[in-house]
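What follows is a short report on a single structure.
The values are calculated or read from the model by the stated rules, or taken from the named source; none is laboratory data. Here the structure is a predicted model, which means the values were calculated and not measured. Counting neighbours? That spans all protein chains shown, and the Cβs are built from the backbone with ideal geometry, glycine included. For accessibility, only protein heavy atoms count, side chains too; no ligands or nucleic acids. Shrake-Rupley method; radii C 1.70, N 1.55, O 1.52, S 1.80 Å.
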Amino acid sequence: MEIRPMRRDDVATAESLSDDAFFELTQRTGGRAGAGPQRRTTEHSDEWARRTEHLVRTDPGGCWIAEDDGRVVGFATSFVRDTTWFLATYAVRPGLQGRGVGTALLAAAMHHGRGCLHAMLSASDDPRAVRRYKLAGFDLHPQMHLSGTVDRTAIPLIEKVRDGTAADIDLMNSLDRATRGAAHGPDHELMLSVWRLLVSDTTTGSGYVYVDARGRVALLAAGNRRTAARLLWAALADSSGPVVVPHLTAANQWALDVGVEARLELGQAGYLGLRGLQPPAPYIHHGALL
Ligand SMILES: CC(C)(COP(=O)(O)OP(=O)(O)OC[C@H]1O[C@@H](n2cnc3c(N)ncnc32)[C@H](O)[C@@H]1OP(=O)(O)O)[C@@H](O)C(=O)NCCC(=O)NCCS
């Protein structure tokens with residue numbers, strides 16, 4: 001088996017391997033947010049591929065392929081922003097897991113972050129993944145999620161929230177540094193091109209939230225809990241049909257308060273893995289761009 005740098009022309013194969021691995025995982029564990037085993041939609045696959053091409057471009061030293069006899073058997077994508085190393089995603093072909101491929105891939109990806117003080121990843125419920133991360137020195141913080149249909153009668157009056165643009169990137173990078181210790185930098189351009197951005201910037205506090213095409217809250221950062229709650233309500237008010245607010249740590253009780261008021265259901269899935277960091281707040285991380 002060879003571990004080699006990932007190339008742009010590996011992205012389609014990695015995407016389909018990743019879909020197979022996470023589908024098989026949801027069959028084993030029952031699925032995230034109570035959704036049960038699900039294949040990716042074409043839209044979701046396209047978004048995955050675009051994000052991975054972006055990471056291969058910005059962090060070629062962080063993205064690795066495991067190949068056996070010319071066949072791709074696994075991959076890991078990671079990136080460095082400021083002084084933090086982030087694991088975006090990581091999978092080994094079902095049927096070949098538990099034989100050391102993942103250990104070799106994670107070592108190659110973590111080498112990319114060897115000069116970093118901090119590290120962050122969002123772990124699945126896979127006991128193999130959890131074991132790997134714990135052995136790699138990560139603290140594991142359980143993640144909760146909110147799901148359901150918003151009780152529209154509960155939505156408060158929402159003021160001081162507007163659509164965001166590329167002109168907000170400096171503000172967003174500052175909020176990222178204040179909450180998670182590292183700016184998203186070039187990732188904001190990618191996120192702006194695929195998701196809706198809402199911004200609140202007032203004398204009492206600033207924040208932003210991205211909402212993806214599936215109506216999921218993709219990422220939220222704010223200077224205080226009140227602004228964070230206002231932005232979450234704005235994202236929920238925008239929804240029609242079922243919503244999901246994933247990746248909530250215990251440090252973000254303000255989001256659970258909003259969820260309870262909106263009559264959403266609370267569940268648990270996976271872990272936020274951190275090294276040299278406390279769980280960011282007020283903050284809702286993205287699973288891959290974190
Ligand atoms: C997570 C993943 C990439 C790891 O790759 P892998 O090739 O299986 O990893 P390894 O074989 O190197 O390591 C797995 C470890 O878990 C152990 N393991 C295997 N089955 C296990 C089980 N059912 N429960 C607990 N540990 C288990 C292995 O013995 C090994 O530990 P060891 O090296 O200390 O003996 C892979 O399992 C996978 O693709 N899972 C599904 C997708 C996923 O969850 N990705 C991670 C997203 S955060």
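Which residue fluctuates most in the GNM of the chain (Cα springs below 10 Å): G270, G215, G100?
Sorting by GNM fluctuation, first place goes to G100.
Would you mind getting the accessible area per residue of the range 1-159, heavy atoms of the protein chains only, 1.4 Å probe, in Å²? Don't skip to the answer; put the middle values down first.
On the way: 7580 Å² over 159 residues.
The answer is 48 Å² per residue.
Using 11 Å as the cut-off for backbone N distance, which residues of the range 225-268 belong to the label zone defined by a point 7 Å from the Cα of A154 along Cα→Cβ?
256-266
On a C-alpha basis, how far is the centre of the range 193-271 from the centre of the range 105-136 in Å? Whole number, if you could?
26 Å
Provide, in order from the shortest bin, the percent of all Cα-Cα pairs of the range 58-136 in each 5 Å bin, continuing until the bin that contains the maximum pair distance.
3, 16, 28, 26, 16, 8, 3, 0
About its Cα centre, how strong a charge dipole does the range 205-268 have in debye, to the nearest 20, once Lys and Arg get +1 and Asp and Glu get -1 at the Cβ? All intermediate terms of the calculation are to be shown ahead of the outcome.
Details: 6 positive and 5 negative charges, 23 e Å.
In total the dipole reaches around 120 debye.
Return, ordered by residue number, the residues of the range 69-92 whose backbone nitrogen is under 19 Å from a label point located 7 Å along Cα→Cβ of R40.
Output list for this probe position: 72-79, 87-92.
Amide H neighbours of L272 under 5 Å, at least 5 residues apart or on other chains, H built in the peptide plane: list them.
Amide H to amide H, under 5 Å and 5 or more residues apart or across chains, L272 pairs with A123, H141, Q143.
So for the range 1-88, considering every pair of alpha-carbon atoms, how many percent are separated by more than 18 Å? Write down the numbers at each step before the final one.
Details: 1888 of 3828 pairs.
That tail contains 49 percent of the Cα-Cα pairs.
Using the Kirkwood radius over C-alpha pairs as Rh, can you work out the diffusion coefficient of the range 125-251 via Stokes-Einstein at 25 °C, viscosity 0.890 mPa s, in µm² per second?
Working: Rh = 15.8 Å.
Calculated translational D: 155 µm²/s.
Can you give the charge dipole size of the chain about its Cα centre, rounded to the nearest 20 debye, using +1 on the beta carbon of Lys and Arg and -1 on the beta carbon of Asp and Glu? Don't skip to the answer; put the middle values down first.
Working: 32 positive and 33 negative charges, 118 e Å.
The calculated dipole for the chain is roughly 560 debye.
Which whole-number value in Å² is the accessible area per residue of the range 195-290, probe 1.4 Å? Walk me through the numbers on the way to the answer.
Details: 3560 Å² over 96 residues.
About 37 Å² of surface per residue is accessible.
How big is the accessible area of R39 in square angstrom, nearest 10, if you roll a 1.4 angstrom probe over the protein chains?
For R39, the solvent-accessible surface is approximately 120 Å².
Could you run the Karplus curve 6.51 cos²θ - 1.76 cosθ + 1.60 with θ = phi - 60° over the range 68-73 and give me ³J(HN,Hα) per residue in whole Hz, x for Gly and Pro?
Using θ = phi - 60°, the values come out as 10, 6, x, 10, 6, 10 Hz.
Give me the number: length gained by fully extending N224 to A237, i.e. 0.36 nm times residue separation minus the C-alpha to C-alpha distance, one decimal in nm. Don't skip to the end; give the middle numbers.
Working: separation 13, 0.36 × 13 = 4.68 nm, distance 2.01 nm.
So the chain would gain 2.7 nm between N224 and A237.
Subtract the Cα-Cα distance of A166 and R7 from 0.36 nm times their separation in residues, and report this length gain in nm to one decimal. Could you put the intermediate results ahead of the total?
Numbers: separation 159, 0.36 × 159 = 57.24 nm, distance 2.85 nm.
Net length gain for the segment: 54.4 nm.
Above 14 angstrom, tally the Cα pairs of the range 210-290 and express them as a % of all pairs, no decimals.
Numbers: 1965 of 3240 pairs.
Percentage above 14 Å: 61.
Quick check: at a probe of 1.4 Å, how many percent of the accessible area of the range 146-199 sits on carbon and sulfur atoms? If you can, show how the numbers build up before the last one.
On the way: 1360 of 2580 Å².
Carbon plus sulfur share of accessible area: 53 percent.
Mind putting a number on the dipole of the range 70-219 about its Cα centre? Charges go on the C-beta only, +1 for Lys and Arg and -1 for Asp and Glu, and I need it in Debye to the nearest 20.
Computed about the Cα centre, the dipole is about 820 debye.
For the range 122-193, just list the percent of Cα-Cα distances falling in each 10 Å bin from zero outward, please.
Going from the shortest bin to the longest, the percentages are 14, 23, 35, 23, 5.
What does the convex hull of the Cα atoms of the range 172-224 come to per residue, in Å³, rounded to a whole number? Walk me through the numbers on the way to the answer.
On the way: hull volume 3.8 nm³, N = 53.
That works out to 72 Å³ per residue.
Where the convex hull is taken over the Cα atoms of the range 89-168, what is its projected area averaged over directions, in nm²?
Details: hull surface 40.1 nm².
For the Cα atoms of the range 89-168, the hull's average projected area reads 10.0 nm².
Can you check what the Kirkwood hydrodynamic radius comes to for the range 18-162, Cα pairs only, in Å to one decimal? Intermediate values should be presented prior to the final figure.
Details: mean 1/r = 0.0580 Å⁻¹.
Value: 17.2 Å, from the Cα pair sum.
Would you mind giving the three semi-axes, in whole Å and largest first, of the ellipsoid equivalent to the chain according to its Cα gyration tensor? Mind showing how you got there, number by number?
Numbers: eigenvalues 195, 85, 60 Å².
Equivalent ellipsoid of the chain: 31, 21, 17 Å, largest first.
Starting from 0.36 nm per residue, how many nanometres of slack lie between Q278 and D82 once their C-alpha separation is accounted for?
Taking 0.36 nm per residue and subtracting the Cα distance, the gain is 68.9 nm.
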